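For reference, the structure discussed in these notes is given below.
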Amino acid sequence: MYLSLNWVKDWLKLPKDASPKDLALALTMSTVEVEELIDQSAALENIIVGKVEEIAKHPNADKLQVCQVNIGLSTEQIVCGGTNLSKGILVALALPGAKVKWHGQGDYVQLDRTKIRGIESQGMIAAADEIGLETLFPSFESGEILILSGTKIKPGQSLAEALELNDQIIDIDNKSINHRPDLWGQYGLARELAAIYKLKLAPYKTPEIKSKNELKLKAVVEDKENCFRYQALAIKNISVAESPWWLKNRLAAVGIRPINNIVDVSNYLMYELGQPLHAFDAKEISGHKIIVKQAQKGDKFVSLDGQSRKLPAGALMIADKDKYVALAGIIGGQNSEISDQTKDIILESANFRAVNIRRTSSALGLRTESSSRFEKSLDPLLTQLAIKRAAELILSLCPEAYVASDLLDIDNNPFKAISIEVEEDLINRRCGQIIQTAEIKSILKRLEFDFRYQHKTFYIQVPSWRATKDLSIAEDIVEEIARIYGYNNIDPKLPLVSLEKPMVDIALYTERELVKWLALSQGYHQLMTYPFSDQSWIKKMELDLSDHVKVKNALSPEQTYLNLSLLPNLFKKAQENLRWFDNFKIFELERVFDKKNKGVFHSDASRKKFLPRQDKRLSGLELSQKNQEEVFLSVKGLLEALLEKLNIEYELAEQKLPYGRFAYQINTQELALGQFGILDENLLVKENKAKVNVAFWDLDFALLVKYLSWSKKHKALPKFPAVYRDMAVIVSSQTAWRDLEKEIKKINPLIRQLEPFDVFAGQGIEPGKKSVAFHLEFRSDERTLLAEDIDKIMAEILAILVKKFEAKLR
């Protein structure tokens, strides 16, 4: 769903200090999930208006001409082969750096200065299909240059400004508005912005319809359970033509291809109000009588796209006395579509039962913009607003047209007015803090809820556009108040409650403690994603898709494979959040599905079938502008602190991962506890192609729970002093510190601690060798150690290092 910021300005004045990015973030934090912010003018960057001043034949090519093009402050020489080129015309001039399609084919390429048959060309006079404007200028054939007209268009002006293609568009994830039928149109989203920013929203006004009453429209709704409202209107003497520029521009902004003025008006209203409309050619409707009824199983219907469809039983159909003319709420019929010869139309605005539309759409495998909206349970009161506004637009676009019938209205609206009582104390308890009464009242008014406040209770009347499936209980109202108040304005503190000590579930206790520790102490944000793996990241990480559990009845291609690792989804979410933040830490603690290992018994009498093993994993990412070493050490320090907190002893081993620049495996009790490392810098980049440093970590939560110990052991302070010595040895460059440490600790129990402080290779050190220097701490619990004791142990250490690693004392 696209939100056009230019469109919503019809009803509200956006804050001057709020950028499009701010508006998108505000919507994300309170209402919907924003996919991306689209600058409509970006595609036309470095494309300007030029005026052809002179034309000369190309000396080396019969079909090319050399033009002198005025671009305002200067004149540029352009080589052009356009068949409709003439002196004095205004054209779209693509300068070096612009992105164009050669002859409207293939991918976009960046334009450079070049010589064409020996003549210098400073750019390209573009055809509409070469700069992505073919749908807005259908009268120009492929290969014909785009000729501009209009008194406000001047040479040197950017093309985006000249054509008013400078909208900022917010791309909203449809999944985030499935529960909000009122947000499937621009006006509903404008209402939401008005509530968030405390703006005045202009009412949606429609004129009264004046009819000549020449034509008697009739309708019969046989299936009242699935048709909640049916309105229709006849308009005569229309003229089917190309839509005016403002209408095509609006439709293009929300991703709709303009077709003709009548179809465009119906699409315009669908995107403005969220209410689909349909126009029939009146001469194709027998007797001007419409029947709304169910199809019989096996009935055939040819839709607008020319496909012959076998209808499922129960499909809701629009028909006349002879035939089906539309698949209700989904698609019109080919036998009644608008053509260039159409003079009279019957305009339909209806409301259908969501379940029926969804069932029919799924059975036919046919999803349309119309069905996507009807599936959400639209407000039946929208139909009248939409049909009146559509009639107004059609009459303005066709000056000779007039309304030829009274407005037909069959109302079977099943939705009753919803009243909800909400105690003020409930609002404050659920939000976890006191929200002032005046603020609650302000929020309810901005959301256009009618209410009265009496005895610390709000008596709320839910508006019709929120009463079809959205709001029904007091907690729904609490959520509305909280999201508009701003979740960021609610102090994140745990409520004070009285609890009895429960039975200790170690896994649950550990989960809660680690989540709290990561979120509150380490600055991490917890994610909760769907249990389906992102397939693009599985491919990037070079994981085997066949190892993942495949869902047989997946609702969408993106929900086909269950998680085997949490990292693909974390990387995906990190990529999305890079639009808003440069530095952040995220983690997830959730189950994964391992089909190679058996889990619990399936519900099978033989007890031979098993579900996949579903252990939990704890995984996280840190993204930062710091260098790789700092990010790596930050994650390493986090894991050291976590394992120390759980009293788990561990060892590190180098590990090679296809997606890791370098990585280490964490082992405990000779079992793989997890892994961490730095992500390959080419796998995750920002939108501007800038690289970002990403450290990842992934732990087996079941093993953490198995080997942890929450008990704390305390030791008495030592009675005798420690002795400290340093040693530096030269060893092979391939020798790991952990191997040296392991051998030294085995020599004598008086060695209490050793720590490396310097590793050096270079001048004075043989090639293939390195110097390792380390501190040693010696202490006895029984006596004060003498220098002779330490010397003896130091000699033993050197002897072992010489024997095991061919070390030399430095």
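Odds and ends about this structure:
- Checking 208, 214 one by one, the residue that is under 18 Å from residue 386 (Cβ atoms) and not in a strand (DSSP E or B) is 208 and no other.
- Any hit, segment 410-420, residues being of a type in the set (D, E, K, R), assigned to a loop (DSSP other than H, G, I, E, B) and within 35 Å of the chain's Cα centre (by Cα): yes
- Subset of segment 88-147 (residues that are assigned to a loop (DSSP other than H, G, I, E, B), of a type in the set (S, T, N, Q) and touching a residue at least 24 places away in the same chain (Cβ under 8 Å)): 122, 135, 139, 142
- Single residue of segment 325-355 satisfying the filter (touching a helix residue (DSSP H, G or I) at 6+ places or on another chain (Cβ under 9 Å), part of a helix (DSSP H, G or I) and not aliphatic (A, V, I, L, M)) that is nearest to residue 398 (Cα to Cα): 336
- Here residue 202 meets each of (1) open to solvent by less than 30 Å² (accessible area, probe 1.4 Å); (2) not in a helix (DSSP H, G or I) with one exception, condition (1).
- Considering residues of segment 1-39 that are under 15 Å from the mean Cα position of the chain (by Cα) and part of a strand (DSSP E or B) only, the residue surrounded by the most Cβ atoms within 10 Å (Cβ to Cβ): 3
- Restricting attention to segment 506-546, the residues being in a helix (DSSP H, G or I), under 27 Å from the mean Cα position of the chain (by Cα) and touching a residue at least 12 places away in the same chain (Cβ under 8 Å) number 8.
- Identity of the residue in segment 454-464, touching a residue at least 24 places away in the same chain (Cβ under 8 Å) and surrounded by fewer than 19 Cβ atoms within 10 Å (Cβ to Cβ), that ends up farthest from the chain's Cα centre (by Cα): 456
- Segment 481-496, subset open to solvent by less than 100 Å² (accessible area, probe 1.4 Å) and assigned to a loop (DSSP other than H, G, I, E, B), residue modelled with the lowest pLDDT: 495
- If you go through segment 732-756 and pick out every residue that is farther than 21 Å from residue 655 by Cβ, out of contact with any Ser or Thr (no Cβ under 8 Å at 6 or more places or on another chain) and either hydrophobic (A, V, I, L, M, F, W, C) or not assigned by TED's automatic domain parsing to the domain that holds residue 789 (or both), you end up with 4.
- Search result, residues across segment 776-787 that are outside any loop (DSSP other than H, G, I, E, B) and touching a Lys or Arg at 6+ places or on another chain (Cβ under 8 Å): 776, 777, 778
- Checked against the criterion of being outside any loop (DSSP other than H, G, I, E, B), under 25 Å from residue 40 (Cβ atoms) and open to solvent by less than 20 Å² (accessible area, probe 1.4 Å), the candidates 69, 79 yield just one match: 69.
- Exactly one residue out of 376, 388 is under 20 Å from residue 472 (Cβ atoms), among the charged types (D, E, K, R) and either part of a helix (DSSP H, G or I) or not assigned by TED's automatic domain parsing to the domain that holds residue 182 (or both), and it is 376.
- Scanning segment 776-799 for residues that are open to solvent by less than 50 Å² (accessible area, probe 1.4 Å) and either farther than 14 Å from residue 748 by Cβ or aliphatic (A, V, I, L, M) (or both) gives 776, 785, 790, 793, 794, 797, 798.
The values are calculated or read from the model by the stated rules, or taken from the named source; none is laboratory data. If you're wondering where the values come from, they're calculated on a predicted model, not measured in any experiment. Heads up, the Cβs are rebuilt from the backbone with ideal geometry, glycines too, and the neighbour counts pull from every protein chain shown. Quick note on the areas: whole protein, heavy atoms, side chains included, nothing else; ligands and nucleic acids left out. Shrake-Rupley method; radii C 1.70, N 1.55, O 1.52, S 1.80 Å.
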